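Structure first, commentary second.
What follows is calculated from the coordinates using simple rules that are stated; it is not laboratory data. What you see is a predicted model; the values in this text were computed from it and never measured. FYI the Cβ positions are ideal-geometry reconstructions off the backbone, even for glycines, and counts take in every protein chain you see.
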Amino acid sequence: MSKYFGTDGFRGEANIGLTVEHAFKTGRFIGDFYGKEHRCQVVIGKDTRRSSYMFEYALTAGLTASGADVYLLHVTTTPSVSYVARTDDFDCGIMISASHNPFSDNGIKLFNSKGEKMDDSVIDEIEKYLDGETPEIPLATGEAIGRASDYSSGRNRYIGYLISLATNSFKGRRIGLDCANGSSFTVAKSVFDALGAKTYVVGNKPDGFNINSACGSTHIENLVSLVREEQLDCGFAFDGDADRCIAVDENANVVDGDKILYLCGSYLKERGELENDTVVTTIMSNLGLYKAFDELGIKYEKTAVGDKYVYECMNECGYILGGENSGHIIFSKYENTGDGIITALKIMEVICSKKCSLSELTKGMTVYPQILKNVRVKDKKAVLKDEDVKAAVKAAEDALGNEGRVLVRPSGTEPLLRIMAEAETREICKKHIEDIEKVVRKKGLCAD
């Protein structure tokens, strides 16, 4: 794991873990790195956090000071930055967002010219520069100084692209959207309205501080209430930067990333469009998904947690569908990263094409109870190396056998140990999580 950049960018509390100096120097490095033989061109987007404006200005200052030209998408989604970077031949795309985290956090996500997560080799060089391990970069002077320009037209083209992906009209469909008071408030409603849906929108009044606050994909109860009260056909909730999507069916039941993979995977296989009959998942996917795939003859790969790893597996093997139960779903035919709005559109394609309700499309998958607990720790590596903790995990695994599992892993972006248990009942899950957490606390490894 890198020092600053985790599985989903450089993330931290604004001006504490992630400062304007970090942003400025990141911009300085990128402008110089890609500007060796030509004038570097970078596209930047941001979410609705108050600090996103500050980081946008700092990155822009660093980039232009190194001679790069900057194109500003303003408030937009993470996948739109990926899309514009690859379709408009930019050297780099930058998204300012801490995704599903609270407003006090922020992050810097970097994309290469193909719209893919930035190569680790480049990230390593950025980190060396941030730590002063490489020579200072000379400032551009005279005509070499870069400039910043409005590029909201790029976001508008992205909206047009999303609309073009729909294979059916949504006329007569009553659809709920929860925009998490984040980036999707500028995009999602426009797309669904253009396709004929009657939209009911919540989480679309950002004030700089309410992003992800009791709304969006991490607080799905908000959308559940909307679907139930308005008797909608279905609903879609996005996170702060709209690279995730969680759905709610007409009965107000939650359809998470695993169920989305199930319904889209089975639909693509039925049509003969699922490459090698394989779906890429992570180690956090539910056992019920694998059992359902086995019944359908669908194969699956398991990667480490993080859509970065899902995409790498998909790209290496040529698979077209993959994702996480958190709602990061990648349709590689259309995007090189997770895209919450594309996910919603593809779910609607299945609903319209098969003329079925969302609940009918997911009834073939039985979800095993799963509990995930986050434990704040002093040192993630020390916890995972502790012999008593490993023994507690082994004891839980032995007790569950083939009827469940436990998974203990570090967060890729926060000082947390994630303890997950999956079994026939929630009581069994809870017991094994508590047993492992007791050992972690007894060894003095917790931070609280």
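The distance separating the Cα centre of segment 371-420 from that of segment 48-88 comes to 37 Å. Positive end of the charge dipole of segment 370-442 (Lys, Arg +1 and Asp, Glu -1 on Cβ, about the Cα centre): tell me which of Ala399, Val440, Gly412 has its Cα farthest that way. Towards the positive end, the residue furthest out is Gly412. Which pairs, out of Lys109/Lys333; Lys117/Lys346; Lys114/Lys390; Lys46/Lys355, put more than 29 Å between their alpha-carbon atoms? Going by Cα-Cα distance, Lys114/Lys390; Lys46/Lys355 fall outside the 29 Å limit.
When a/c is below 1.5 the answer is rounded, else prolate if a/b is larger than b/c, else oblate, so apply that to segment 334-411 with a ≥ b ≥ c taken from the square roots of the Cα gyration tensor eigenvalues. Since a/c reaches 1.5 but b/c is at least a/b, the shape of segment 334-411 is classed as oblate.
Residues in segment 123-130 carry Karplus couplings, in order, of 4, 4, 5, 4, 5, 4, 5, 4 Hz; the curve used is 6.51 cos²θ - 1.76 cosθ + 1.60 with θ = phi - 60°, and Gly or Pro positions show x. Taking amide H as placed 1.01 Å from N in the peptide plane, the amide H of Glu301 sits under 5 Å from that of Val279, Val280, Thr281, each at least 5 places away or on another chain. First check a/c for segment 14-74, with a ≥ b ≥ c the square roots of the eigenvalues of its C-alpha gyration tensor; if it is under 1.5, answer rounded, and if not, answer prolate when a/b is larger than b/c or oblate otherwise. Oblate, since a/c reaches 1.5 and b/c is not below a/b. Sorting His38, His432, His22 from the fewest to the most surrounding beta carbons within 10 angstrom yields His38, His22, His432. Taking θ as phi - 60° and the Karplus parameters 6.51, -1.76 and 1.60, the scalar couplings of segment 169-178 work out to 6, 9, 4, x, 8, 9, 10, x, 10, 10 Hz in sequence order, x denoting glycine and proline. Which residues in segment 365-400 place their backbone N less than 17 Å from a point set 7 Å from the Cα of Lys291 along the Cα-to-Cβ direction? Those under the cut-off are 365-371, 400.
Loop-located GluC sites (Glu not before Pro) in segment 340-448 (DSSP state other than H, G, I, E, B) with a sparse environment of at most 14 neighbouring Cβ atoms within 10 Å: Glu424.
Across the options Ile44, Asn315, Met365, the greatest Cα extent toward the positive end of the charge dipole of the chain (unit charges at beta carbon of Lys, Arg, Asp, Glu) belongs to Met365. This model, with +1 at the C-beta of Lys and Arg and -1 at the C-beta of Asp and Glu, gives segment 1-128 a dipole about its Cα centre of some 240 debye. The calculated 222 nm mean residue ellipticity attributable to helices in the chain amounts to -12000 deg cm²/dmol, summing -39500 (n - 2.57) over DSSP H runs of n ≥ 4 and dividing by all residues. For the chain, excluding the exposed loop sites themselves (trypsin sites (Lys or Arg not before Pro), DSSP loop, at most 13 other Cβ atoms within 10 Å), the longest remaining stretch covers 172-270.
For Val255, the residues whose modelled amide H falls within less than 5 Å of its own, excluding neighbours fewer than 5 places apart on the same chain, are Ala247, Val248, Asp249. Take the Cα of Ser2, step 7 Å toward its Cβ, do the same at Glu125, and the gap between the two points is 1.2 nm. Among the GluC sites (Glu not before Pro) within segment 279-341, not one is in coil by DSSP while having at most 10 neighbouring Cβ atoms inside 10 Å.
Summarising the amide proton neighbourhood of Asn15: residues at separation of 5 or more, or on other chains, whose placed amide H is nearer than 5 Å comprise Val20.
Using the Kirkwood radius built from alpha carbon pairs, what does the Stokes-Einstein equation give as D for segment 189-236 at 10 °C and 1.306 mPa s, in µm² per second? Once the numbers are plugged in, D ends up at 135 µm²/s. For segment 131-240, GluC sites (Glu not before Pro) meeting the loop criterion (DSSP other than H, G, I, E, B) and having at most 12 other Cβ atoms within 10 Å: Glu133, Glu136. Overall, the anisotropy analysis places segment 370-442 in the prolate class: the square-rooted eigenvalues a ≥ b ≥ c of its C-alpha gyration tensor yield a/c not less than 1.5, with a/b exceeding b/c.
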